[in-house]
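What follows is calculated from the coordinates using simple rules that are stated; it is not laboratory data. Just so you know, these numbers come straight off a predicted model, no measurement behind them. Here the Cβ is made from the backbone with ideal geometry for all residues, glycine too, and neighbour counts use every protein chain on show.
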Amino acid sequence: MVYQRRTNLDAVFGALADPTRREIVRRLVAQPDLPLAELAAPFRMTLPAVSKHVAVLERARLVRRTRRGRVSYCRVNPERLGEAARWLESYRRFWEHQLDRLEEYLDKNP
C-alpha cells in the first residue's frame, strides 16, 4: 500500500515538474471545464503539443478530459492536488519543528 502511494505521488510530482503543465493546472483551477483549444490558446505551441501535456496530467490523474460532441474539455482533479498538498504539508510541519528546535538550541548556546 505504501509503495502504491509513493508511485502515485511520483506521478503527480513528475507531471508538475514541467512549467507548462503547472500553468495548465493553474488555468484549470481558475477556470474549470475549459475546452482544450481555449486552454491551449495562450501557449506558444501547437494544439497537439498542449494535448500531450494534458495527457501527462491525465496519466497522473491530475486532469480529466471529457468529450462533448467534437470538443474536448479539461477539468482539474482536486483530490489528486489534495494528496500532494497533504504530503507537502507533513514535511512543512516536520521542518518547522526541526528549525524551531535549532533556534532553541542556538538561543541557549550563543
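The set of residues in region 68-85 that are surrounded by 10 or more Cβ atoms within 10 Å (Cβ to Cβ) and among the basic types (K, R) comprises R75, R80. For region 52-70, the set of residues classified as in a helix (DSSP H, G or I), over 14 Å from L28 (Cα atoms) and touching a helix residue (DSSP H, G or I) at 6+ places or on another chain (Cβ under 7 Å) consists of V56, R59, listed by residue number. The single condition among (1) surrounded by 15 or more Cβ atoms within 10 Å (Cβ to Cβ); (2) at positive phi that D33 does not meet is (1).
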